[in-house]
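Single-structure report; data block below.
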Amino acid sequence: MISLQGVERRFRVGEASVAALRGADLVVAEGEMAALVGPSGSGKTTLLGIIGGLDRPDAGSVHVGGVDVAKLEGNALADYRLRSVGFVFQAPGLVPLMSALENIALPLQLMGREPADADEVALDALELVGLERRARHRAYELSGGEQQRVALARALAKRPRVLLADEPTGQLDSETSAAIVELMVSIRGQTTILIATHDEAVAARADRVINIEDGKLL
């Protein structure tokens, strides 16, 4: 499902050029849940961003489901991010004044679903994460753990080919973190999951652990 070959990414920091990724080769099978493990600054977020089409490599190839992501531009790139990839970040990124249901339904409407259909799918997604009773609550009325579960529901509602999670439990207590990870475990096989984490407990629930250090996959 995910295939990277020789991916390089450098950033300018003042007068210096810093290598975020150094010849990264990676294959994640369809339906696999893999954990990308490494310290802060090791290149985890950069790697996820390139796979998700949020960033571009300086060299190398990036294929997701047969699509050459690095060559997508304009509407094709936006469509890839909207339809093929689900993102879950450390910060939930919800619209505070929109309800939990609306935060999930809006991307579905952008994908072309009718409002009533989008609401139905959004409610099903909230039920999956155990928050159907909070559907009409505005995002700012939810706890941090609830907001993160809504973010996960928003990603899953699209039925993405790939789910990319960047430290999704980093700001949560241990009990809520475990619940989020169990939700991901429950849907592996239905979608391909790559989760960046430095939490050993999270990594232990994955099918495979991929280590990264100083921009190199080990």
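Listed values, structure above:
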item: Selection count, segment 144-179, where residues are part of a helix (DSSP H, G or I), aliphatic (A, V, I, L, M), closer than 20 Å to residue 95 by Cα and free of Cβ contacts under 8 Å to residues at least 60 places away in the same chain; result: 3
item: Failed criterion for residue 141 (all others in (1) without any contact (Cβ under 8 Å) to a residue 40 or more places away in the chain; (2) of a type outside the set (Lys, Arg); (3) under 22 Å from residue 187 (Cα atoms) hold); result: (3)
item: Count of segment 36-77 residues which are part of a helix (DSSP H, G or I) and either closer than 24 Å to residue 168 by Cβ or hydrophobic (A, V, I, L, M, F, W, C) (or both); result: 12
item: Residues being surrounded by fewer than 18 Cβ atoms within 10 Å (Cβ to Cβ) and outside any helix (DSSP H, G or I) - total across segment 114-134; result: 2
item: For residue 40: the one exception among (1) over 20 Å from residue 166 (Cβ atoms); (2) exposed (fewer than 15 other Cβ atoms within 10 Å of the Cβ); (3) in contact (Cβ under 8 Å) with a residue 12 or more places away in the chain; (4) of a type outside the set (Lys, Arg); result: (1)
item: Filter result (closer than 27 Å to residue 190 by Cβ and surrounded by 15 or more Cβ atoms within 10 Å (Cβ to Cβ)) within segment 6-32; result: 7, 24, 26, 28, 32
item: Qualifying residue in segment 169-177 (condition: of a type in the set (Gly, Ala, Ser) and more than 18 Å from the chain's Cα centre (by Cα)); result: yes
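Bear in mind these aren't lab numbers, they're just calculated from the coordinates by the rules spelled out. These figures come from a predicted structure and were not determined experimentally. Backbone-built Cβ (ideal geometry, glycine too); neighbour counts: all protein chains shown.
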